[in-house]
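Everything below concerns the one structure shown next.
The values are calculated or read from the model by the stated rules, or taken from the named source; none is laboratory data. Predicted, not measured: the structure shown is a model, and the values here were computed from it. Cβ: placed from backbone, ideal geometry, glycine included. Neighbour counts: every protein chain shown.
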Amino acid sequence: MSRPDAMEYRRVIGRFPTGVTVVTTCDADGQPWGLTASSLTSVSLEPLYLLVCIGKGSRSHDVVVAGEHFAVNVLAADSVDLSVRFALVDPSDRFDEVRYRTEATGSPVLQRAAAWLDCRVAQLHDAGDHTIVVGEVLGCDADPAVEPLVYLAGAYRSLVPA
Ligand SMILES: Cc1cc2nc3c(=O)[nH]c(=O)nc-3n(C[C@H](O)[C@H](O)[C@H](O)COP(=O)(O)O)c2cc1C
C-alpha cells in the first residue's frame with residue numbers, strides 16, 4: 001500500500017470535526033497577535049494543560065513561541081467572520097475594529113468569544129512543520145448559552161439546525 005500524500009491525509013483527517021479558535025498573544029512591543037487555529041486539544045487536568053499546533057511557516061509562529069503566554073478564544077457559531085479574518089487578513093490588521101480586553105497574563109481575549117482560556121506557555125515540542133505549544137491554563141470561562149462554531153471537511157458548520 002502506498003503512503004498517503006498530504007492532500008489525501010487532509011481529506012481524511014478533515015472528517016474529524018473540530019471547533020474553531022483564535023490563538024492570541026502580544027509581542028515584546030505589546031502589539032496584539034492572533035491566528036485562527038483548530039488544533040486545540042485538552043491534555044492534562046493536573047496540571048491544567050492544553051495544546052495548540054502552530055505552523056512554523058506562519059508569521060504568528062515566532063511570536064507565540066517566543067512569548068510567555070497566550071489565550072485560546074473559542075469562536076461562536078456566528079463568528080465565521082472572525083475565523084476568516086484571523087486566517088487571511090494581514091496579521092498587523094487583524095485586530096482592527098475587533099473588540100477585546102487584556103486578560104491576567106496580558107493576552108487579548110475577544111469580546112465575542114464563546115469561551116476563553118488564558119495560558120502560560122509551559123512546553124514547546126518540535127513536530128514536523130508545526131510546533132506543539134503546551135499551555136498551562138491560568139484562567140478560563142465560557143458562556144454555555146453561546147453555540148460554538150464547528151469546522152468539518154473544510155467547511156464551517158453549526159450545531160444549531162438552520
Ligand atoms: C478553520 C481553520 C483552522 C486552522 N487551524 C490552524 C492551526 O491549528 N494551526 C495553524 O498553525 N494554522 C491554522 N490555520 C491556518 C492559520 O490560521 C493561517 O495560516 C494564518 O494565516 C496564520 O498565519 P500568519 O500568522 O502567517 O497569518 C487554520 C485556518 C483555518 C481557517
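Overview of results
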quantity: Residue among Ser92, Ser83 that is under 17 Å from Val64 (Cα atoms), within 13 Å of the ligand (Cβ to nearest atom) and either in contact (Cβ under 8 Å) with a residue 60 or more places away in the chain or assigned to a strand (DSSP E or B) (or both); calculated: Ser92
quantity: Segments classed as strands (runs of 3 or more DSSP E), wholly inside region 104-148, with at least 2 members that are surrounded by fewer than 18 Cβ atoms within 10 Å (Cβ to Cβ); calculated: 115-127, 130-142
quantity: Region 28-58, residues that are away from the ligand (no atom under 12 Å from the Cβ), farther than 21 Å from Val150 by Cα and within 18 Å of the chain's Cα centre (by Cα); calculated: Gln31, Pro32, Ser44, Leu48, Tyr49
quantity: Out of Ser44, Ser39, sole residue that is of a type outside the set (Val, Ile, Thr), out of contact with any helix residue (DSSP H, G or I) (no Cβ under 9 Å at 6 or more places or on another chain) and either at pLDDT below 95 or not in a loop (DSSP other than H, G, I, E, B) (or both); calculated: Ser44
quantity: Pair list, Cβ under 9 Å, 6 or more apart: region 48-62 residue outside any loop (DSSP other than H, G, I, E, B), other residue of a type in the set (Asp, Glu) and buried (at least 16 other Cβ atoms within 10 Å of the Cβ); calculated: Leu48/Glu136; Tyr49/Glu136; Leu50/Glu136
quantity: Some residue of region 64-72 being in a strand (DSSP E or B) and either of a type in the set (Phe, Trp, Tyr) or within 13 Å of the ligand (Cβ to nearest atom) (or both); calculated: yes
quantity: So Asp78, is it more than 14 Å from the chain's Cα centre (by Cα), at pLDDT 95 or above, surrounded by 12 or more Cβ atoms within 10 Å (Cβ to Cβ) and assigned to a loop (DSSP other than H, G, I, E, B); calculated: yes
quantity: Near pairs, Cβ below 6 angstrom, 6+ apart or cross-chain, from region 20-38 (touching a residue at least 40 places away in the same chain (Cβ under 8 Å)) to any residue that is β-branched (Val, Ile, Thr) and in a loop (DSSP other than H, G, I, E, B); calculated: Ser38/Val20
quantity: Any hit, region 70-85, residues being over 21 Å from Pro148 (Cα atoms) and small (Gly, Ala, Ser); calculated: no
quantity: Verdict on Leu117 being under 14 Å from the mean Cα position of the chain (by Cα) and within 19 Å of Leu149 (Cβ to Cβ); calculated: yes
quantity: Some residue of region 88-95 being buried (at least 17 other Cβ atoms within 10 Å of the Cβ) and polar (S, T, N, Q); calculated: no
quantity: Test for Ser92: is it over 22 Å from Pro47 (Cα atoms) and polar (S, T, N, Q); calculated: yes
quantity: Residue check for Ile13: at pLDDT 95 or above, of a type outside the set (Phe, Trp, Tyr) and more than 16 Å from the chain's Cα centre (by Cα); calculated: yes
